[in-house]
1. Based on the alpha-carbon gyration tensor of the stretch 58-195 and its eigenvalue square roots a ≥ b ≥ c, which shape applies: rounded if a/c is under 1.5, prolate if not and a/b is larger than b/c, or oblate?
2. Could you work out how far helix 235-252 tilts from the main Cα principal axis of the chain, as a 0 to 90 degree angle to the nearest 10?
3. Angle check, please: helix 85-100 long axis (alpha carbons) against the longest principal axis of the chain (alpha carbons), in degrees 0 to 90, nearest 10.
4. How far is helix 272-285 tilted off the main Cα axis of the chain, in degrees rounded to 10, range 0 to 90?
5. Please give the peptides 188-194, 224-230, 115-121 ranked by average Cβ packing (other Cβ atoms within 10 Å per residue), highest first, as a rough proxy for protection.
6. Going by a ≥ b ≥ c, the root eigenvalues of the Cα gyration tensor, does the stretch 45-95 fall in the rounded group (a/c under 1.5), the prolate group (a/b larger than b/c) or the oblate group?
7. Output the antiparallel fraction of DSSP beta bridges having both residues in the chain, as a percent to the nearest 5.
8. Quick one: check the C-alpha center-to-center distance for the stretch 118-132 versus the stretch 211-277, whole angstrom.
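Each reported figure results from applying straightforward, stated rules to the coordinates on display, with no laboratory input. Quick caveat: nothing in here was measured; it's all calculated off a predicted structure. Quick reminder, even Gly has a Cβ in these numbers, built from the backbone with ideal geometry, and neighbours come from all protein chains shown.
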C-alpha cells in the first residue's frame, strides 16, 4: 500500500495519483435499485494553483478559497482545507457515500499542494515534500448559520424552509449511518429547499480522533440535527422524516461499501486495520439507521 505521509512505504507524486487513484468509470447495480456511477461520485484528483486566500466563516480548520487544476486540465474554484489525515479521509469517504446515495455535497478532490504554492500545517506530507489537502467545488451558497447571523428574524422561516427540503429525512438517515457528530447549521449550505448542500464531513465516523476499536455499529452517537432542528418540527413532519429515513435504510442495504471505499481513495491513505474498521462499521450499522434516526427525530413510538 502506498501511504502519502512522511516515512510511508512509497512515494506518491501527482503523476502517481493520476495513474493509480483515478476512480474506476463504470456502473454497478443490484436488485435493491442502487446504482453507482463512479464517474460521478468517485473522488477526483487535482493540484492546487497559486493564489489561494484564507477565509473564516466559522470554520475551525485553516480554510482557503482558490483554484485547482483537475486531471483533464480544467480549472475549478474550490474550497481547500488543511486537515489531518483522519479528517481528510473522513471527508473523502463521507463525501463519496453522500454522492452514492444521491445526497447533495460538492464534488471532492484529493489535491496535491506544493510548498511553493501554500504553507500548510496539518495536511499529510508526501516524501517529495508536497502535501495532500481536501478540496471541494465552491457551491457558492451561504450556510444556514450565515443566514441566521445576517438576519436573526429569519430563523423561523429558514427552519420551516429546511423542514420542507425533500431530502431532510434521508439526511437524518445519512448522519445516523456515518455517525456524523457535527451537522450544525454551519455545515449545511442553504439557499432554499432546492439549493441545499452537505459540507464539512470531518466529524463523521464519530469524529476526527477515532481509533481501531472505537467504531461500534450498534452504538449511539451525538446526532446534532436532533438537538437544533428536531425541536422546531411538528409531529407530522417528524413522522414523515422518520419514514424517509427508513427508506434510506432500505436503500443502503444494497450499497457496495467496498466499492465506495475504493472510489473515495481512503484505502490508499490508511492502514488496512483502519480500512477494515470503516468497512465493518458501514456494513454492520445499516440495520440500525432507522432506529437512531427515529431517536434523533424524537419519534421513538416508531422504534
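1. It is prolate, given that a/c is not under 1.5 and a/b is the larger ratio.
2. 40 degrees
3. For helix 85-100, the angle is close to 60 degrees.
4. 20 degrees
5. 224-230, 188-194, 115-121
6. Verdict is oblate for the stretch 45-95.
7. About 90 percent, rounded to the nearest 5.
8. So the two Cα centres are separated by 30 Å.
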